[in-house]
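The values are calculated or read from the model by the stated rules, or taken from the named source; none is laboratory data. Computed from a predicted model, the values in this text were never measured in an experiment. As a convention, Cβ positions derive from the backbone with ideal geometry for all residues, glycine included, and neighbour counts pool all protein chains shown.
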Amino acid sequence: MKLEKTYKRLHVLVLTIIYFSVFSMKMVGQVSEVEKEALIALYKQTNGENWMNSWNLNEPVSKWYGVKLNNNKVVEINLFRNNVEGSIPESIGKLSHLTHLNLAFNAITGLLPKNMVDLSELKVFRVEMNRIKGGIPQAIGKMKSLEEFTAFNNFLTGPIPESFGSIQNLRILNLSSNNLKGEIPNSIGRLSKLETLGLFENALQGSIPTEIGGLLNLKELVLANNQLGGDIPQEFAQLTSLKVLQIQNNKFDSFQGLELMNTEAFAAFDYDKEYLEIDLKNINKTKTRMADTKFEDDDNDNR
């Protein structure tokens, strides 16, 4: 009798171990229902069946192209140049652990979802070379972890949000080749880690904020093809890390601020030479090029 009871207990124990082993195997590569539904919404709203690299929704999320998980949480979506079309769903904001979102070089239309500002852990946001319209969410400053925000070559309108100045980790901000209007926010001058500021080919007006002269880590400043006026800030002399400066095709009243700059180390320097009467003693006049940020394709590591 005792032997029979012992046998039954062992049998139950073995079944329990098998059950939990199978259950654990099934859970590998799985994500929460909330995150999975957000991914499926992205798939359906952007014509996922016709993507260059599509998803098999019957497979685990861990096998879906361009999706990376960490501890069963979605941390990256990379659909770069993947024939993605349609609009980004509002539910993208539910992917609260997302750190990288790369939808660049596709055919995305519609608006930037307002809920994207809930992606508090997002570091890289890339939607360049699409057909996105409308404004940039004014609450963009809530995305405190952002290091890169690139949206050049779209149809974005409205002003550049003042709240960008709250994103202290931002290194790259490229909004070139859109239809943005208004002035460059003074708050941009608070982005002490900023290395690239691309605002080429918009309809920006007003003077360049003097605060930009305080961006000591700035390497590339592209403001060409706008309607900017006033004087070139004398504070530009403080931009000792600058390698690329493109300010041509604007309506500046004076270029005197350029006299104080050391242009010897510039890789590119484009300005309206025909209107410039000052003598830039340090400039190598062969180091010029047309502003080309709208043709960028710097997906070297396919982030």
Pair list, Cβ < 9 Å and 6+ apart or interchain, from region 134-153 residues that are closer than 19 Å to residue 223 by Cα to residues that are aromatic (Phe, Trp, Tyr) and modelled with pLDDT of 95 or more: 136/149; 136/164; 148/125; 149/125; 149/164; 150/125; 151/125; 152/200
All positions within region 171-228 that are within 16 Å of residue 250 (Cβ to Cβ), in a loop (DSSP other than H, G, I, E, B) and either among the polar types (S, T, N, Q) or at pLDDT below 95 (or both): 176, 177, 202, 225, 226
Residue list for region 111-137, filter: more than 22 Å from residue 34 (Cβ to Cβ) and touching a Gly at 6+ places or on another chain (Cβ under 9 Å): 111, 131, 132, 133, 134, 135, 136
Single condition residue 51 does not satisfy, out of (1) touching a residue at least 40 places away in the same chain (Cβ under 8 Å); (2) buried (at least 17 other Cβ atoms within 10 Å of the Cβ); (3) out of contact with any Lys or Arg (no Cβ under 8 Å at 6 or more places or on another chain); (4) of a type outside the set (Lys, Arg): (1)
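Could you please give the count of residues in region 147-160 that are closer than 19 Å to residue 209 by Cβ and either crowded, with 20+ Cβ neighbours inside 10 Å or among the basic types (Lys, Arg) (or both)?
So the first thing to find is which residues in region 147-160 are closer than 19 Å to residue 209 by Cβ, and the list is 149, 158-160.
Within this subset, residues satisfying the condition of being either crowded, with 20+ Cβ neighbours inside 10 Å or among the basic types (Lys, Arg) (or both) are 149, 160.
Adding up the residues that qualify gives 2.
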Residue 288 being of a type in the set (Ser, Thr, Tyr), farther than 29 Å from residue 168 by Cα and either outside any strand (DSSP E or B) or modelled with pLDDT of 85 or more (or both): yes
